[in-house]
Every structure is written in C-alpha cells, then in structure tokens.
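For reference, the structure discussed in these notes is given below.
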Amino acid sequence: MNFAPAGFPAVRLRRLRQSAPLRRLVAETRLSVEQLVLPLFVRPGRKVRRPVGAMPGVCQLSPDELVTEARRAFEAGVPAVLLFGIPDHKDARASGAYARRGIVQQAVRLLKRELPDLLVITDVCLCEYMSHGHCGVVRADRHGARILNDPTLELLARTAVSHAEAGADLVAPSDMMDGRVAAIRAALDRAGFTETPIMAYAAKFASAFYGPFREAAESAPRFGDRRSYQMAPSNAAEALREVALDLAEGADIVMVKPALAYLDILYRVKTQFGYPTAAYAVSGEYAMIKAAAANGWLDERSVTLESLLALRRAGADILITYAAVDVARWLGEETGGRLSSARS
Ligand code: PBG
C-alpha cells in the first residue's frame, strides 16, 4: 500500500520498527528511575510490618522498618518517598498531624539522618489523624455534618510547618480545601522555610480507586464521603481551575490523581500550564494490576511499565507509584540485559 502522493516514494512507517535498538532510538517517551516516587506508610512501634490487604507487597511500617524499605528503594535508584502516617491516637483536631513528635515528624527526622540524599516528601492531610476520618474540621449542624474550610487551613499550615521543621524536602497537601496552598506557603515562609517546595494535589478527584489506601492509612471517613471537597470525576474544566488556583497560590509542582483514568486531565494540565506535573497511580490502580497478575490474567511487569509510560506520554514528569521499587529493578534489568548481551 502506498499512501504517498503520486510521484513520492512509499511511506513505510514500519521501517523504524524493525529492531529493538531502532525502536528505542525513536522512542518519543521514556521511563526513567529518576521520575519515581514511592509512597510509604509509617506507624508507631518497632519491627512492625503490617501487610495491607488489597495492596500485595505494601505494608504499614514502624520507623525502623521504614528506613529499611526506604533504603531498598534508594539503592534501587528511586530518588524520593512520599510519607503517610498512621498515629496511635486520633481526635477531632487531628493533633497527631502537627505534633512535634508525631509519627511522620519522627519518621522524617530518622530518614533524613539515615538517608540524607533521599528526597522525603510528606503528605499533608488531616484524615489519618481525625477521629471521623475526614480531611478537615467537622461541624455538626441540623443539616448533618459539614467540613469547614477555613478552620482547616490553620491546622494544615501547622502540619506543613511541623514537617518542614522535621526536615521534609517537599510538602504535598492532599486535602482539597480551598486556599490551602496559600495558607501553607505563607506559614512556611513565616517560619523561615521559604525554600521548601509545595507539591499540590491540585486535581484530586473523589475516586473509588482510593479504596485500598483507606485501609492502608486507616483513614476511611466514618460517615458520608469526600465529595464536598474532592472533585467530581465528570469535571475537566474545573480541574484546570483547581490547578490555576494552586499555581497562583504558590504551588511548585501540581498533581493529578488518580492517574490512569484521568489521562485527559494530565494532558491538559501539562499542555496548558507547563509546570512540573505529577501523576499519582493510586492504590486501586495498583490493586487491579496485582489482582489480575495473581490470577495469571495479565503480565504484571509489562502492564505496569505500559501504564506508567502512558502517564509520561500524557505529560507526567513525576510518577508516584507503589510499584516504584519493582519498576526501578525492571528498568535496570532492561539496560543491564542489553549491555551484557552486547558484550557477549
Ligand atoms: C488523603 C489521601 C488519600 C490518598 C492520598 N492522600 C485518600 C483519600 O483522599 O481518601 C489516596 C492514595 C491512594 O489511593 O493510593 N487525603
């Protein structure tokens, strides 16, 4: 077949597909270990590794085990971790979120001491620390319960500052209150942390794909749902407004979450704003691949790499994935395998 105009030579797109080195040479998008972020869950105790049911390979870890896991990631080439805390005690003010000796604050100090070159990002949210499991301060009234916006900002700002004081390299607010980025930026600056970047969960959707995470972080809301603060999956233009606002308020990196079902959002965020953009392949995305792979229905490695490559193609610079360590290993094997077969 020749689709070329008369008189022109045949167009043959398959010319560039004939060998692996040629295909690699013309690849438009690449995955690199430098882009990976591994989420980790820390809880009080010693020698604790509590597996998370729907996330095979993921555990809640005590600080000592957290260091072991973080070291494994760092040595595999993963440059950053994203920390979530599960406190001993929850209350209606989320006091564990901003306690000087809170679980995340302790973990950050320890990680920065043991692995100073590992980037430590902290998730800034209140849901894990609230007795009711919501991301903000709750007030009960005759219409039921409301999640209050502005009183929440103050607690989020305190939380972010306490993370920076412990040594966090970046803070990542995931609560979806209005104005949180501005509140956090102002508080960080006031406390002298003018150089601590904010990675904002800018377009975070109210998603059923977070199911397994809520078990992992013990943060399922006790009543209601998160739809009064997280975005409706139907809305793309609104996601762009969320991103624009977070950038105007001082976000340095913006995030789209979940990832694979929101590639259109990712693409638009990257094309429209051109800022460093992160995609969070969430717990449910991980669980789906793991479950299908365990049944022998999908090939875990190929599907994971293909999914992450799709996030890159859509515009993601930073890939947050529970599979980061495996991915780092697989990428290393690909390069290593090529070099050794070339030598032999
Ligand atoms: C906390 C938070 C959630 C996730 C990240 N930060 C859960 C939620 O909003 O309910 C989800 C991560 C995942 O599913 O992997 N607000």
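Restricting the first residue to segment 205-221 and requiring it to be of a type in the set (A, V, I, L, M) and open to solvent by 10 Å² or more (accessible area, probe 1.4 Å), which pairs with a second residue that is modelled with pLDDT under 90 and within 8 Å of the ligand (Cβ to nearest atom) meet a Cβ separation below 7 Å and a spacing of at least six or different chains?
Listed pairs, sorted by first residue: Ala220/Arg214.
So which of Asp189, Asp178 is assigned to a helix (DSSP H, G or I), at negative phi and over 18 Å from the mean Cα position of the chain (by Cα)?
Asp189
If Tyr201 satisfies all but one of (1) buried (at least 22 other Cβ atoms within 10 Å of the Cβ); (2) free of Cβ contacts under 8 Å to residues at least 60 places away in the same chain, what's the number of the condition it fails?
Failing condition for Tyr201: (2).
Only one of Ser228, Ser234, Ser219 is modelled with pLDDT of 95 or more, polar (S, T, N, Q) and part of a loop (DSSP other than H, G, I, E, B). Can you tell me which?
Going through Ser228, Ser234, Ser219 in turn, the sole match is Ser234.
For the structure I just gave you, tell me whether Ala54 is farther than 23 Å from Pro173 by Cβ and touching a Pro at 6+ places or on another chain (Cβ under 6 Å).
Here the answer is yes, as Ala54 does meet what is asked.
I'm trying to understand the selection: among the residues of segment 29-45, which are in contact (Cβ under 8 Å) with a residue 24 or more places away in the chain and more than 20 Å from Ala328 (Cα to Cα)?
Selection gives Val42, Arg43, Pro44.
I'm trying to understand the selection: among the residues of segment 222-239, which are surrounded by fewer than 14 Cβ atoms within 10 Å (Cβ to Cβ) and either touching a residue at least 24 places away in the same chain (Cβ under 8 Å) or hydrophobic (A, V, I, L, M, F, W, C) (or both)?
Listed by number, the residues that qualify are Arg222, Phe223, Ala232, Ala237.
Looking only at segment 244-269, count every residue that is surrounded by 15 or more Cβ atoms within 10 Å (Cβ to Cβ) and more than 23 Å from Glu285 (Cα to Cα) and tell me the total.
8
Each row is one residue, and each column tells you yes or no for (1) without any contact (Cβ under 8 Å) to a residue 12 or more places away in the chain; (2) on the phi < 0 side of the Ramachandran plot; (3) aliphatic (A, V, I, L, M).
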site: Thr271; (1), (2), (3): no, yes, no
site: Gly274; (1), (2), (3): yes, no, no
site: Ala310; (1), (2), (3): no, yes, yes
site: Ala314; (1), (2), (3): no, yes, yes
site: Ile318; (1), (2), (3): no, yes, yes
site: Gly337; (1), (2), (3): yes, yes, no
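For the structure I just gave you, tell me whether Leu263 is away from the ligand (no atom under 14 Å from the Cβ) and in contact with a Ser or Thr (Cβ under 6 Å, 6 or more places away or on another chain).
Spelling it out, it is not the case that Leu263 is away from the ligand (no atom under 14 Å from the Cβ) and in contact with a Ser or Thr (Cβ under 6 Å, 6 or more places away or on another chain).
Can you spot a residue in segment 289-308 that is in contact with a Pro (Cβ under 8 Å, 6 or more places away or on another chain), part of a helix (DSSP H, G or I) and either within 16 Å of the ligand (Cβ to nearest atom) or of a type in the set (Lys, Arg) (or both)?
The answer is yes, given that some residue of segment 289-308 is in contact with a Pro (Cβ under 8 Å, 6 or more places away or on another chain), part of a helix (DSSP H, G or I) and either within 16 Å of the ligand (Cβ to nearest atom) or of a type in the set (Lys, Arg) (or both).
Taking segment 15-44 as the region of interest, how many residues are within 20 Å of Ala259 (Cβ to Cβ) and in a loop (DSSP other than H, G, I, E, B)?
Number of matching residues: 5.
Any idea which of Gly332, Gly315, Gly337, Gly296 is under 16 Å from the mean Cα position of the chain (by Cα) and of a type outside the set (D, E, K, R)?
Being under 16 Å from the mean Cα position of the chain (by Cα) and of a type outside the set (D, E, K, R) holds for just one of Gly332, Gly315, Gly337, Gly296, which is Gly315.
For segment 91-113, name all the residues that are buried (at least 21 other Cβ atoms within 10 Å of the Cβ) and over 23 Å from Ala278 (Cα atoms).
Answer for segment 91-113, where residues must be buried (at least 21 other Cβ atoms within 10 Å of the Cβ) and over 23 Å from Ala278 (Cα atoms): Ala94, Gly96, Ala97, Tyr98, Gly102, Ile103, Gln105, Ala107.
For segment 152-161, check the following and say yes or no: at least one residue is polar (S, T, N, Q), surrounded by 23 or more Cβ atoms within 10 Å (Cβ to Cβ), within 15 Å of the ligand (Cβ to nearest atom) and over 21 Å from the mean Cα position of the chain (by Cα).
Yes, because at least one residue in segment 152-161 is polar (S, T, N, Q), surrounded by 23 or more Cβ atoms within 10 Å (Cβ to Cβ), within 15 Å of the ligand (Cβ to nearest atom) and over 21 Å from the mean Cα position of the chain (by Cα).
Just for strands (runs of 3 or more DSSP E) wholly inside segment 59-155: which have at least 1 residues that are aliphatic (A, V, I, L, M) and under 20 Å from Met255 (Cβ atoms)?
80-85, 119-124
Since Arg180 meets every condition but one in (1) within 16 Å of the ligand (Cβ to nearest atom); (2) surrounded by fewer than 21 Cβ atoms within 10 Å (Cβ to Cβ); (3) basic (Lys, Arg), which condition does it not meet?
(2)
Is it the case that Arg185 is more than 16 Å from Ile320 (Cα to Cα), in contact with a strand residue (DSSP E or B) (Cβ under 9 Å, 6 or more places away or on another chain), charged (D, E, K, R) and within 16 Å of the ligand (Cβ to nearest atom)?
no
Within segment 237-251, can one find any residue that is within 14 Å of the ligand (Cβ to nearest atom) and charged (D, E, K, R)?
No, segment 237-251 contains no residue that is within 14 Å of the ligand (Cβ to nearest atom) and charged (D, E, K, R).
The values are calculated or read from the model by the stated rules, or taken from the named source; none is laboratory data. The structure displayed is predicted, hence computed values, not measured ones. Positions of Cβ are generated from backbone atoms using ideal geometry, with glycine treated the same way; all protein chains shown enter the neighbour counts. All accessible areas refer to the heavy atoms of the entire protein, side chains included, with ligands and DNA or RNA removed. Shrake-Rupley method; radii C 1.70, N 1.55, O 1.52, S 1.80 Å.
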